[in-house]
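Input: a single structure, listed below in C-alpha cells.
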Amino acid sequence: MAVAKMAQVVGTERLGPDTLLLDLCATEPLGFVGGQYLILDSRIVLPSGKAVKRAYSFLTGDAEQRSFQLAVKRIPEGLGSAFVHGLTAGTDILFSGPWGKFCPREGASGRTLILATDTGITAALGLLRATSFASLLPQAQLMWLRGSAEYFLPDEFVQRQVPAACGEVRIAAIPAVGHQDRIPQARAILRELLSRGDLAQAFIAGDGAVNQVLFDDLVAAGVAVDKEQVESFFNMPKKSA
Ligand SMILES: Cc1cc2nc3c(=O)[nH]c(=O)nc-3n(C[C@H](O)[C@H](O)[C@H](O)COP(=O)(O)OP(=O)(O)OC[C@H]3O[C@@H](n4cnc5c(N)ncnc54)[C@H](O)[C@@H]3O)c2cc1C
C-alpha cells in the first residue's frame with residue numbers, strides 16, 4: 001500500500017475562472033523527477049466506499065524537492081477538482097507518490113518533441129523543467145494544443161514556466177475535447193512537425209483519445225516513443241489498446 005505523505009498549502013492563486021495554482025510545501029523531500037505526478041487523497045469517500053483520489057502532475061521542476069506547485073482545472077461536477085478548488089493557505093493535504101514514468105530517458109539526445117493537449121501541459125512543463133532534461137533543452141520543442149486562449153493556464157504563464165534554453169515553444173488552438181475535428185487537426189499539426197524529418201524522440205500528454213492516435217503516427221514515422229512517454233489525463237485508452 002502507498003505511504004501517505006503530507007504537504008501544507010502555502011498559497012493559492014486563481015489563474016482563470018476554472019484554474020487554481022497551488023503552492024505547497026511537503027513535510028519531507030519527495031524524491032520526484034520532473035514529469036511525474038502525485039495522487040491526492042481528498043479524504044472524501046463515496047457511498048460505494050470508494051475513496052476520491054486524483055492524480056496531479058508536478059508543475060515545478062525537481063531541483064526543489066519540498067516546495068512545489070500544482071495547477072488544477074475545475075471539472076464541472078467533479079469531486080476531486082472541486083476539493084482542490086476549496087483548499088486555502090494553511091490546510092494540510094495527504095497524497096502518495098511520486099508516480100509515473102513520464103520523465104527523461106538516460107542517455108537520450110537529439111531533437112525532442114513534447115506535445116501536450118489541454119491540462120496535459122502540467123506534465124509537459126514538469127518534464128521540461130526536470131534537472132535531467134537540461135541537456136535536451138536546446139533541441140526541444142514544446143507544442144501545446146488547447147481549445148482556446150481562455151482554456152486552463154494563460155499562454156503568458158506557460159511561456160514563463162518554460163526554461164529559457166528550450167529551443168521552441170508553440171501554442172495553438174484545436175477544437176474542444178470530444179469535437180469530431182479535434183483528432184484530425186492534431187494529426188495535421190503533428191505531420192507538419194514531423195515534416196522536418198529529424199525528430200529523435202517524443203513525449204505526449206493530455207487527452208487520451210488524441211494521445212492514442214498521435215502515438216501510432218509517431219511509431220509509424222519511426223520516432224522513438226514508448227508507452228511510458230505517453231501520459232493520458234482523461235479519455236483513457238482501453239488497457240488492451
Ligand atoms: C497522470 C495524471 C496527471 C494529471 N494531472 C493533472 C493536472 O496537473 N491538473 C489537472 O487539472 N488535472 C490533472 N489530471 C486529471 C485529474 O486527475 C482529474 O481527472 C481531474 O481533476 C478531474 O477530477 P474530478 O474528480 O474533478 O472529476 P471526475 O468526476 O473524476 O471527472 C469527470 C470526467 O472528466 C474527465 N476529465 C478530467 N480532466 C479533464 C479535462 N481536462 N478535460 C475534459 N475532461 C476531463 C475525467 O476523466 C472524467 O471522465 C491528471 C490525471 C492523470 C491521470
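Quick check, is Phe203 within 20 Å of Arg111 (Cβ to Cβ) and touching a Ser or Thr at 6+ places or on another chain (Cβ under 8 Å)? In short, yes. Of the residues examined, Val162 is one that is of a type in the set (A, V, I, L, M, F, W, C), outside the structural domain of Gly61 (by TED's automatic domain parsing) and closer than 29 Å to Gly16 by Cα.
Selection of first residues in segment 100-114 that are farther than 14 Å from Glu231 by Cα and of second residues that are in a loop (DSSP other than H, G, I, E, B), restricted to Cβ pairs under 7 Å at least 6 apart or on distinct chains, gives the following pairs, ordered by first then second residue: Arg111/Asp198. Within segment 148-188, being in a loop (DSSP other than H, G, I, E, B), of a type in the set (Val, Ile, Thr) and under 30 Å from Ser132 (Cα atoms) holds for one residue alone: Val162.
The set of residues from segment 80-93 being polar (S, T, N, Q) and either more than 7 Å from the ligand (Cβ to nearest atom) or in contact with a helix residue (DSSP H, G or I) (Cβ under 8 Å, 6 or more places away or on another chain) (or both) comprises Thr88, Thr91. The number of residues in segment 194-219 being surrounded by fewer than 18 Cβ atoms within 10 Å (Cβ to Cβ) and over 19 Å from Glu231 (Cα atoms) comes to 4.
The residues listed here are Phe133, Phe102; of these, the one that is away from the ligand (no atom under 12 Å from the Cβ) and aromatic (Phe, Trp, Tyr) is Phe133.
Can you spot a residue in segment 136-149 that is more than 13 Å from Thr117 (Cα to Cα), within 16 Å of the chain's Cα centre (by Cα) and not hydrophobic (A, V, I, L, M, F, W, C)? Among the residues of segment 136-149, at least one is more than 13 Å from Thr117 (Cα to Cα), within 16 Å of the chain's Cα centre (by Cα) and not hydrophobic (A, V, I, L, M, F, W, C), which makes the answer yes. For segment 57-79, does any single residue satisfy the condition of being within 11 Å of the ligand (Cβ to nearest atom) and part of a helix (DSSP H, G or I)? Yes, because at least one residue in segment 57-79 is within 11 Å of the ligand (Cβ to nearest atom) and part of a helix (DSSP H, G or I). Restricting to segment 52-91, name every residue that is crowded, with 16+ Cβ neighbours inside 10 Å, within 30 Å of Ala164 (Cβ to Cβ) and among the small types (Gly, Ala, Ser). Selection gives Ala55, Ser57, Gly61, Ala71. Looking across segment 135-168, not a single residue is aliphatic (A, V, I, L, M), under 27 Å from Gly197 (Cβ atoms), surrounded by fewer than 17 Cβ atoms within 10 Å (Cβ to Cβ) and in contact with a strand residue (DSSP E or B) (Cβ under 8 Å, 6 or more places away or on another chain). Which of the residues spanning segment 220-241 are under 16 Å from the mean Cα position of the chain (by Cα) and either more than 21 Å from Val177 (Cβ to Cβ) or surrounded by fewer than 16 Cβ atoms within 10 Å (Cβ to Cβ) (or both)? Once the filter is applied, which keeps residues that are under 16 Å from the mean Cα position of the chain (by Cα) and either more than 21 Å from Val177 (Cβ to Cβ) or surrounded by fewer than 16 Cβ atoms within 10 Å (Cβ to Cβ) (or both), segment 220-241 yields Lys227, Glu228, Gln229, Phe234, Met236.
When segment 105-125 is examined, which residues are found to be within 16 Å of the ligand (Cβ to nearest atom) and either within 17 Å of Gln201 (Cα to Cα) or assigned to a strand (DSSP E or B) (or both)? Listed by number, the residues that qualify are Ile114, Leu115, Ala116, Thr117, Ala123, Ala124, Leu125.
The values are calculated or read from the model by the stated rules, or taken from the named source; none is laboratory data. Keep in mind that what you see is a predicted model, and the values were worked out from it rather than measured. All Cβ positions, glycine included, derive from the backbone under ideal geometry; neighbour counts span all protein chains shown.
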